[in-house]
Amino acid sequence: MEAIRMIEPGKPLVLQQIPIPSVGEEDVLVRVRAAGICHSDAHYRAGRSRMGMMPITLGHEVAGEVEWVGSNVTTIKAGERVCLHYNISCGDCYHCTAGHEQFCATVKMIGHHIDGGYAEYIAVPARNAIPLPEEISFEEGATLMCASATALHALHRGRVKEGETVAIFGVGGLGMSAIQLAKALGAVEVYAVDIKLDKLELASEYGAIPIDASRVDVVEEIRKLTKGKGINVALEMIGLPKTMKQTIESLGVMGRAVIVGLSQTPLEVHPYQTLIGYEAEIIGSNDHLLQELPLLIDISGSMTWKTIQMMCAP
Ligand SMILES: [Zn+2]
Ligand SMILES: [Zn+2]
């Protein structure tokens, strides 16, 4: 089969002929119909992340049709439309059985540790293949498997409840998904914080209340807009100490700040003013879970193609 592979960091990807992957008893072989290009792929190609093998077929946002199933697979049949959960975990270790399989000691990500979806076929364990209904295109299904899934996990980590307020700091691909998913989970007001006007405009098209961080003091503005109450759940999706601090400082009583953006810089907060005085929480959110994907597919079934396309905009 043909596959687009990374041979060496910093070099262009190369179209190669490689064997169709072999299918284990518990696996499915999927004919790839769509594979997303993620910002992570740019990092991988630039050599900024350690790869599990080289050469490697990139691509971790994958959807397609089941071509063949292993002899022990009973849950899925050839011909079914599927999208793929990119983390392949053991299913048996402490972290897998405790329900946080992203920390599995042997977790392997397709397109990062093992061959991914920039190819005609990919083989994965059957449990990694999530049924994809007709109303969701392969392209949508593929991109749901990364940014949108990670946004949903962050909202789950923040324990968003119906009637609560949510603030999203940074409305790129992740943030744009988070706005729509927060609404779907019952958030009454969703604030979108960014410095880019086009992103704020798009965010307001999805019903978010835009806050232009280049023009106003974000924390003050949020206090004003929430009549002093502050936010129930605030998501940081940028990875800057400044916006992390704002995320935490915009919380109200019992508020939860969920940190998704990556940063190496220590984060300083005032323990009384920002945490103890509000019984607020700072929560880390890492990746997403297989068990969250059926809900994501359910929610997304009612969205339009245009919407999803915009969600994936960088
Ligand atoms: Zn991705
Ligand atoms: Zn495990």
Unmet criterion (only one of (1) in a loop (DSSP other than H, G, I, E, B); (2) without any contact (Cβ under 8 Å) to a residue 24 or more places away in the chain) for CYS96: (1)
Taking GLY163, is it part of a loop (DSSP other than H, G, I, E, B), touching a residue at least 40 places away in the same chain (Cβ under 8 Å) and either more than 16 Å from ligand 1 (Cβ to nearest atom) or closer than 16 Å to ARG31 by Cα (or both)? no
Of all residues in the stretch 254-281 being among the aliphatic types (A, V, I, L, M) and open to solvent by 70 Å² or more (accessible area, probe 1.4 Å), which is nearest to GLY228 (Cα to Cα)? MET254
Assuming ALA149 fulfils every condition listed in (1) open to solvent by 10 Å² or more (accessible area, probe 1.4 Å); (2) in a helix (DSSP H, G or I); (3) out of contact with any strand residue (DSSP E or B) (no Cβ under 9 Å at 6 or more places or on another chain) apart from one, which condition is it? (1)
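What do you reckon, is SER89 open to solvent by less than 80 Å² (accessible area, probe 1.4 Å) and at pLDDT below 95?
Working: open to solvent by less than 80 Å² (accessible area, probe 1.4 Å): yes; at pLDDT below 95: no.
Judged against the criteria, SER89 is not a match.
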Filtered residues of the stretch 240-253 (kept if part of a loop (DSSP other than H, G, I, E, B) and open to solvent by 10 Å² or more (accessible area, probe 1.4 Å)): LEU240
Are there any pairs with C-beta distances below 8 angstrom linking a residue in the stretch 103-121 that is in a strand (DSSP E or B) to a residue that is modelled with pLDDT under 95 and among the polar types (S, T, N, Q), with the two at least 6 apart or on different chains, and if so which? none
Out of all the residues in the stretch 1-49, which are among the β-branched types (Val, Ile, Thr) and either in contact with a helix residue (DSSP H, G or I) (Cβ under 9 Å, 6 or more places away or on another chain) or not in a strand (DSSP E or B) (or both)? ILE7, ILE18, ILE20, VAL23, VAL28, VAL32, ILE37
How many residues are farther than 20 Å from ASP217 by Cα, surrounded by fewer than 23 Cβ atoms within 10 Å (Cβ to Cβ) and of a type in the set (Val, Ile, Thr) when one looks only at the stretch 163-205? 1
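What residue, among those in the stretch 67-93 that are in contact with a Gly (Cβ under 8 Å, 6 or more places away or on another chain) and assigned to a loop (DSSP other than H, G, I, E, B), is farthest from ligand 2 (Cβ to nearest atom)? Don't jump to the end; show me each part of the working.
Just the residues of the stretch 67-93 that are in contact with a Gly (Cβ under 8 Å, 6 or more places away or on another chain), to begin with: 70, 81-84, 86.
In the following step, the residues that additionally are assigned to a loop (DSSP other than H, G, I, E, B) were identified as 70, 86.
Working: GLY70: 20, TYR86: 15 Å.
The qualifying residue farthest from ligand 2 (Cβ to nearest atom) is GLY70.
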Looking at LEU289, is it of a type outside the set (Phe, Trp, Tyr), under 25 Å from GLY99 (Cα atoms), surrounded by fewer than 21 Cβ atoms within 10 Å (Cβ to Cβ) and touching a helix residue (DSSP H, G or I) at 6+ places or on another chain (Cβ under 7 Å)? yes
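Does HIS60 meet the test of being touching a helix residue (DSSP H, G or I) at 6+ places or on another chain (Cβ under 9 Å) and open to solvent by less than 10 Å² (accessible area, probe 1.4 Å)?
Judged against the criteria, HIS60 is a match.
Quick grid of which residues meet (1) in contact with a Lys or Arg (Cβ under 9 Å, 6 or more places away or on another chain); (2) modelled with pLDDT of 95 or more:
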{"position": "GLY10", "(1), (2)": "yes, no"}
{"position": "PRO21", "(1), (2)": "no, yes"}
{"position": "GLY24", "(1), (2)": "no, yes"}
{"position": "ALA35", "(1), (2)": "no, yes"}
{"position": "HIS43", "(1), (2)": "no, no"}
{"position": "ALA46", "(1), (2)": "no, no"}
{"position": "ARG50", "(1), (2)": "no, no"}
Against the definition (closer than 30 Å to GLY47 by Cα, buried (at least 21 other Cβ atoms within 10 Å of the Cβ), in contact (Cβ under 8 Å) with a residue 12 or more places away in the chain and of a type in the set (Gly, Ala, Ser)), how does ALA142 come out, yes or no? yes
Residue list for the stretch 34-43, restricted to those being open to solvent by less than 90 Å² (accessible area, probe 1.4 Å) and either within 16 Å of ligand 2 (Cβ to nearest atom) or in contact (Cβ under 8 Å) with a residue 12 or more places away in the chain (or both): ALA34, ALA35, GLY36, CYS38, SER40, ASP41
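Filtering the stretch 1-33 down to residues that are small (Gly, Ala, Ser) and in contact (Cβ under 8 Å) with a residue 60 or more places away in the chain, which residue is surrounded by the fewest Cβ atoms within 10 Å (Cβ to Cβ)? Steps first, please.
Kept after step one, since they are small (Gly, Ala, Ser), are these residues of the stretch 1-33: 3, 10, 22, 24.
Next, only the ones that are in contact (Cβ under 8 Å) with a residue 60 or more places away in the chain stay: 3, 22, 24.
Values: ALA3: 27, SER22: 9, GLY24: 15.
Per the criteria, the residue is SER22.
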With criteria (1) open to solvent by 30 Å² or more (accessible area, probe 1.4 Å); (2) among the aromatic types (Phe, Trp, Tyr); (3) under 30 Å from GLU135 (Cβ atoms), TYR94 comes up short on (3)
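The values are calculated or read from the model by the stated rules, or taken from the named source; none is laboratory data. Since the structure is predicted, the reported quantities are computational estimates derived from the model, not experimental observations. Here the Cβ is made from the backbone with ideal geometry for all residues, glycine too, and neighbour counts use every protein chain on show. SASA here: full protein model, heavy atoms, side chains in, ligands and nucleic acids out. Shrake-Rupley method; radii C 1.70, N 1.55, O 1.52, S 1.80 Å.
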